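Just so it is clear, none of the values below were taken in a lab; they were calculated from the coordinates. Being a predicted model, the structure only gives us computed values, none of them experimental. Positions of Cβ are generated from backbone atoms using ideal geometry, with glycine treated the same way; all protein chains shown enter the neighbour counts.
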Amino acid sequence: MEADAYSKAGVNIEAGNTAVQEIKAAVQATYTPQVLSGLGNFGAAVELPAGFRQPVLISGTDGVGTKLLLAIAANRHETIGQDLVAMVMNDIVAEGAQPLFLQDYLAVDHIRPEVVKTIVTGIAQATQAVGAALVGGEMAELPGLYAAHHYDLAAFGVGIAEKDQLLNSVAHAQAGDLLLGLPSSGLHSNGYSLVRSVLGLKEATDFQQLTPELQTALLTPTTLYYPLVQDLLAQHLLVGMSHITGGGIVGNLPRSFSHDLQAVIQTNSWQIPAIFKLLKQKGQLTTADMLTTFNNGVGMILMVKPTNLPAVLQHFATLQQPIYQLGYLQAKPQTAANAVVFTGEFSW
């Protein structure tokens, strides 16, 4: 068999090697002192940071979903890496952990070094923004499995926390605890199958015909929440956190408190961004559709003791970061079926 048989079968080893060299600087820039070996080895070695008494590792894995189809249609790959990092690390942070390291998986139809460099650089920059290291991963060229110019992204991340400082809000949240909401940057990375259906985005040309403003709104990357809450975690000012992803508030917030509690949320306590209103109106979606699919403008919910509220609000004021006072937890009425109830009318 000829030496270039693999390339004739559709796999370009030289392009893969070129891509690895292109991303090396961006990846190595994320290395923390704990990284002992990373890119280029068969496995990454990361030691635990010093100073922990009973360190616990918190892991998570996720992908970006069909938002990738819009990035591909737009040929804009700069920020999709932040979506990937945020979907993994925001979950880890919601447990009260400090991000430690991340590994990514990128599968493509054919390796295009410049596109790979753009994607992985975005992953590296977002990983570095949350104080973690991108210690390696996998890049696979899979001709025949993916359509032309298509790719998929997934990642596995690890965080670290003291055992007695994990946010076990299911055990510790109580009636009277307050619910504060951090804004989302938009859709984040959830509900895009419904978005594409509502907007009729079946082909790349359909996306390209949208207004520039709508294209930008649909590709706005997911917020990285760790920089906003790390000081609150260090000061033990939070009871718990809930990352609002697929399933919305009603699907995610109840994961953070016990079955004998109920969340009461005031619908006028935050401004619903225009993109959600557009989707509801254009798709003639019900309120139930919206609440069980999208974050509707709230990307992370914090549980706070009333005595800690002034300190938490001052923290966000110092950061000039908007924060919504959404509501509170109460004892769940015996006749109540819903873990989350909304008071007032939504501003759709």
Completion exercise
Here the longest stretch of the chain that holds no GluC sites (Glu not before Pro) in a DSSP loop having at most 16 other beta carbon atoms within 10 Å is 204-344
Practice task
Within the range 52-134, report the trypsin sites (Lys or Arg not before Pro) that DSSP leaves as loop and that have at most 11 other Cβ atoms within 10 Å.
Solution key: ARG53
Exercise for the section: Give the dimensionless ratio obtained when the Cα radius of gyration of the chain is divided by 2.2 N^0.38 Å. Expected result: 1.06
Exercise for the section: Could you name the aspartates and glutamates whose alpha carbon sits less than 12 Å from that of LYS280, not counting residues in the same chain fewer than 8 places away? Expected result: ASP289
Exercise for the section: Please go through the range 187-288 and write out the trypsin sites (Lys or Arg not before Pro) that DSSP classes as loop and that have at most 16 other C-beta atoms within 10 Å. Expected result: LYS202
Practice task
Would you please name the chymotrypsin sites (Phe, Trp or Tyr not before Pro) within the range 1-75 that are DSSP coil residues with at most 16 other C-beta atoms within 10 Å of their C-beta?
Solution key: PHE42, PHE52
Problem - Two-site FRET efficiency, ALA74 against LEU142, from Cβ-Cβ distance with R₀ of 22 Å, rounded to 0.05 - result: 0.45
Handout entry: Cα coordinate range in the range 12-165, projected on the principal axes (Å, largest first)
Key = 50, 29, 23
Exercise for the section: Please give the FRET efficiency for ALA175 paired with ALA274, using the beta carbon to beta carbon distance and R0 = 35 Å, rounded to the nearest 0.05. Expected result: 0.50
Problem - Reachable lysines from LYS67, criterion Cα separation under 17 angstrom, eight or more residues apart if same chain - result: LYS202
Handout entry: Virtual spin-label span in nm between GLN165 and TYR105, 7 Å along Cα→Cβ
Key = 3.2
Exercise for the section: In nm, give the distance between the simple-model label positions of THR216 and SER347, each being 7 Å from the Cα along the Cα-to-Cβ direction. Expected result: 2.1
Exercise for the section: Take the Cβ-Cβ distance between LEU39 and LYS202 as r, set R0 to 41 Å, and report the resulting FRET efficiency rounded to the nearest 0.05. Expected result: 0.60
Practice task
Report, ordered by chain and residue number, the aspartates and glutamates lying within cross-link reach of LYS305, taken as a straight Cα distance under 12 Å and ignoring same-chain residues fewer than 8 apart.
Solution key: ASP177
Handout entry: Alpha-carbon centroid distance for the pair the range 95-135 / the range 148-203, whole angstrom
Key = 17
Practice task
Quick one: dipole size for the chain, taken about the Cα centre, charges +1 on Lys/Arg Cβ and -1 on Asp/Glu Cβ, in debye to the nearest 20.
Solution key: 800
